[in-house]
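The block underneath contains the structure these notes are about, expressed in structure tokens.
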Amino acid sequence: MTAQFLYGGAGLILFVLGLWSFLVHAPLLRKLIALNIMGGGVFHVLIAVAYRGDGVTPDPVPHALVLTGIVVAVSATALALVLGARLQDEQRQG
Amino acid sequence: MYSNLLTDPLVLCITLPLLGAALTTALPRHAVPLGILAALATCSAAVTLGVDVWQHGALRLVLGGWEPELAIGLRADGLAVALALMANLVALGISVYASGYFRDPERMRAFWPLWLLLWAALNGLFLAGDLFNLYVMLELLGITAAALGALTGSREAVSANLRYLLVGLLGSISYLLGVALLYTAHGTLDLGLVARAIAANDRLFAVDAAALVLMVSGLALKAALFPLHFWLPPAHANAPAPVSAALSALVVKASVYLIIRLWLDLFAPITGLAAAMFLALLGAAAVVWGSWRALRAERLKLLAAYSTVAQIGYLFLFLPLLAVTPPGPPRDNLLAALVLMALTHGFAKSGFFLAAGLVQTNAGHDRIDDLGGTAQRLPATTFAIALAGSALIGLPPSGSFIGKWLLMQGAIESGQWWWVIVVTTGSLLASAYVFRVLSRAFGLEPTPLKFVTDARAEVPALLLSLVAVALLGLASGPLWTLLALRAGGGA
Amino acid sequence: MTEPADWARSDRARERARDLSLLLAVLLALLGVVLLAVYFLALNGGAAPRLAELALARVPQSGVGNPVTAVLVNYRAYDTLVELAVLLAAVLGIWSQRPAPPGFQRSSAVLAGMVSWVVPLLIVTSGYMLWVGGYAPGGAFQAGALLGAAGVIVRLAGDPTAGLPGEAVQRWLLVLGVLMFALVGLALMLLGAGFLTYPPKLAKWLILLIESAATIAIGTALAAAYVGGRPSAKGQGPSAGEASAAPSSSSLGPRP
């Protein structure tokens, strides 16, 4: 239980740190990294919940949720990066 | 076998637009006919679903044949079906309009698959019965909405929609943390089962309350509830017209629907009057502020976008009234009024945006001060704006007239008279901004010869506005019956 | 690392911003403490086995031996279908924004030699990952990620297309996952089994079919997202200048 709490708690701290960084920093790249850290924090919490003790098969459901979540995060990040790059291109031209 | 056939439309509402998106991606040369075909098929699936629910009551389907807690459930009760029907009819109108809107073939090819994916996400959200599935749907909706909004490629559109994408991501991550907490506490993701667990286990009140705050604030961000509305006006005003219509009428509405769903179903045992009052205060601020900014807006589409902020606000005024009204006919009236206002706004705002888009392409701009003579050039479109405007104000016989009437009645009956002031102020401001547009549009020029100039673009706007004013106002009775069809418990 | 353009403001405003961010830090620290407390409560008072027992007990009927794969492509297959749609939406959104930017310069002989070793190895490993996912950690996502990585390496080494085929073929590869998933699901529904309800005897093969399609779609989508724009009209290896010069017109590549 302690290991589980420490691991999941670390995820919550990551979530809050990411939120802080997202709100405070203006550049797109930092905001995106912040969002990914927040997402990573939530995935941490889910992975911690899956843990059921040493030598016991973990709960597969949160693991699958995290995999799905990662793909979603990658997709959103990629789109945001291209939108940002597009803005930068225009700035350079104009 | 019989029950299978009954629940098939549930699945089709989501898979048909997905298939349409795949085919329009793979065969871009045939994007328009394939897209229209997918739109028609999806819409008929939704109507069939509506008929099924009307005849047989709320439907529920557990996918994969597993235990409900293990698998993902879909469900269609009265509330879900009412909103899904509205969304699908509006989406069909937008599809017809869009088929002639894009001049650049590259842009048209990009539009169709993204639009069908957005449609799938909308239907998926309305019909979902699983907390994590809702998260994936929310992300699909957010990504497609931002991509579509940035389609014009103009600097303003891209930066506004990039901000919209980031804000949406923040909202969904917050929602997801709420889901993770609920899974930790209750060990399942099925909406009905989690609702039952929350009701049964009050030792975990703190966990449920934290999850409620995380989920609702994430969704409020996506629903642009004041003061989290800052991203909406630029994103909606700079998108291509059919996309603006979808964003304002449907996408925002989906997040509001989810808040209402969570508030009334999932977290019903722990949502108190104080929390409801807080959200309603934000809603009241949205009504006044959004209407005021709409009045001050210089561009037609920006006016429509700010009006969305206000119209979303009204929906939150219902929460404290629902909190103090015990089950019975008065509460049914309030719920029906809430849904009626959401539906009316969906039809009216989509009609308004489609018409505004036509004004913009016709005149080359959408500055309200220079709209003189629009009534002569585009009589049908001006008429659509007038109709949609009267629904936004809440003039009889529109659906929102009944909605606002019941809202004020409920407010007085439950002793919360102050909401009446908010509703009146909002309606007065709305009349001011609508008549400001109309007074410009109707110049002193001679009456036109031809009512409709471009049927494919004008008829959808006109029909959608007409539904908002006439159909929802004069024939809203069935809504009460439909909303009475609620899912019987969890599994 | 602040960009001067974004932050060109007076010292007083900057000071106010600093105060605000400090206030925010305090508030968020409070949020963190509340979340930790709530999480502790949820772990201790929560439903202990959650879905683990049930999910593990149903694995033998699921058609695969790896419980995580069973969740992804069987119990919660619908999530995975939507997630493939999310990936597709991201690539379509990227394509709608701009033509592919020019690639990097051609790699030298040493790097090219290494790439010609690594890329086939990645593709073989990807196939292995796909197969092993049936009974051990692995599966379509891991396999697709490896394929995507191969694409990234190819583009880094100087091929602007990231090794992807022309636009017409690429479009089919991108939608393969969603298409196969939805078609298999609907076929099962029409046959009376229910949407995405695999008959136990066929489960293994249907899942393999879906996972293979998903692997290709995910690999293509990740590589295409890395390319970061619509494939150019020629489909194959445009030079840097042409990539941005030919945005629209006949953007369909040669038909396969």
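Things worth noting here:
- Share of carbon and sulfur in the accessible heavy-atom surface of the protein assembly as shown [1.4 Å probe, %]: 68
- Of all DSSP beta bridges in the protein assembly as shown, antiparallel share, percent nearest 5: 90
- Share of pairwise Cα separations in the range C:88-203, more than 20 Å, in percent: 58
- Members of the range A:25-48 that become less accessible by 50 Å² or more once partner protein chains are added (1.4 angstrom probe, chain alone as reference): A:Pro27, A:Leu35, A:Val42
- Rounded accessible area per residue of the range A:2-93, 1.4 Å, Å²: 39
- The range C:57-232, accessible area per residue, ligands and nucleic acids excluded (1.4 Å, Å²): 36
- Computed with the Debye formula from one identical point scatterer per Cα of the protein assembly as shown, without solvent, the log10 of I(q)/I(0) at q = 0.05, 0.07, 0.10 Å⁻¹ comes to -0.25, -0.50, -1.09.
- Amide H contacts for C:Gly133 (H built 1.01 Å from N in the peptide plane; partners 5 or more residues away or on another chain; cut-off under 5 Å): C:Gly139.
- Cα coordinate range in the range A:24-75, projected on the principal axes (Å, largest first): 45, 21, 11
- This model, with +1 at the C-beta of Lys and Arg and -1 at the C-beta of Asp and Glu, gives chain C a dipole about its Cα centre of some 200 debye.
- With contacts taken as Cα pairs under 8 Å and at least 6 residues apart, the range A:2-93 reaches a relative contact order of 26 percent.
- Highest GNM mean-square fluctuation among C:Arg171, C:Arg230, C:Arg14, for chain C modelled with Cα contacts below 10 Å: C:Arg14.
- Between chain C and chain A, roughly 3700 Å² of accessible surface gets buried, counting both sides and using a 1.4 Å probe.
- Rg and Dmax over the alpha-carbon atoms of the range B:280-485 stand at 17.4, 57 Å.
- Amide N proximity, the range B:184-216 versus C:Ala37 label position 7 Å along Cα-to-Cβ, cut-off under 19 Å: B:185, B:202-215
- For the range B:280-485, relative contact order (Cα pairs under 8 Å, six or more residues apart, normalised by length) works out to 31 percent.
- Placed amide H near B:Ala128: partners under 5 Å, 5+ positions off or other chain: B:Arg75
- Span-rule helices in chain B, defined as complete DSSP H runs reaching 15 Å or more along the axis (Cα) with Kyte mean at least 1.0: B:2-26, B:31-56, B:78-98, B:131-149, B:205-222, B:273-296, B:300-324, B:379-393, B:418-441, B:455-466
- Sites B:Asp332 and C:Leu190 - FRET efficiency at Förster radius 45 Å, r taken between beta-carbons, to 0.05: 0.70
- Calculated from the alpha-carbon coordinates, the range C:1-106 shows an Rg and a Dmax of 24.5, 67 Å respectively.
- Sorting B:Phe347, B:Phe278 on solvent-accessible area from highest to lowest, probe radius 1.4 Å, gives B:Phe278, B:Phe347.
- Taking 0.36 nm per residue of sequence separation and removing the Cα-Cα distance, the B:Thr481/B:Val324 pair yields an extension gain of 54.3 nm.
- Near C:Gly158, the amide H atoms lying under 5 Å from its own belong to C:Phe104; only residues 5 or more places off or on other chains count, and H is placed 1.01 Å from N.
- Among C:Pro200, C:Pro49, C:Pro102, the largest mean-square fluctuation in a Gaussian network model of chain C, built with springs joining Cα atoms closer than 10 Å, belongs to C:Pro49.
- Length available on full extension from B:Ser439 to B:Ala470: 0.36 nm per residue minus the Cα-Cα distance, which gives 8.9 nm.
- The range B:382-398 versus the range C:37-116: alpha-carbon centroid distance in Å: 47
- Using alpha-carbon coordinates, inclination of helix A:2-24 to the longest axis of chain A, degrees: 10
- In sequence order, the range C:80-96 has phi-based couplings of 5, 4, 5, 5, 5, 5, 4, 4, 4, 4, 4, 5, 4, x, 5, 5, 6 Hz under the Karplus curve 6.51 cos²θ - 1.76 cosθ + 1.60, θ = phi - 60°, and Gly or Pro positions carry x.
- For chain C, built as a Gaussian network whose Cα springs stay under 10 Å, the top-fluctuating residue of C:Phe40, C:Phe141, C:Phe181: C:Phe40
- Given their separation in residues at 0.36 nm each and the Cα-Cα distance between them, B:Phe230 and B:Arg107 gain 41.5 nm when the chain is fully extended.
- Mean-position separation - Cα centroids, the range B:124-152 and the range B:338-375, in angstrom: 25
- Hull volume in cubic angstrom per residue (convex hull over the Cα atoms of the range A:2-93): 76
- 4 °C / 1.567 mPa s Stokes-Einstein diffusion coefficient of chain B, Kirkwood radius on C-alpha pairs, µm²/s: 58
- Summary value for chain B: 16 percent relative contact order, contacts being C-alpha pairs under 8 angstrom separated by 6+ residues.
The values are calculated or read from the model by the stated rules, or taken from the named source; none is laboratory data. Bear in mind that the values here come from a model prediction, so they are computed numbers and not experimental data. For neighbour counting, all protein chains shown are included, and Cβ atoms are generated from backbone atoms with ideal geometry for every residue, glycine included. Remember, those area values only see protein heavy atoms, side chains included, never the ligands or the DNA or RNA. Shrake-Rupley method; radii C 1.70, N 1.55, O 1.52, S 1.80 Å.
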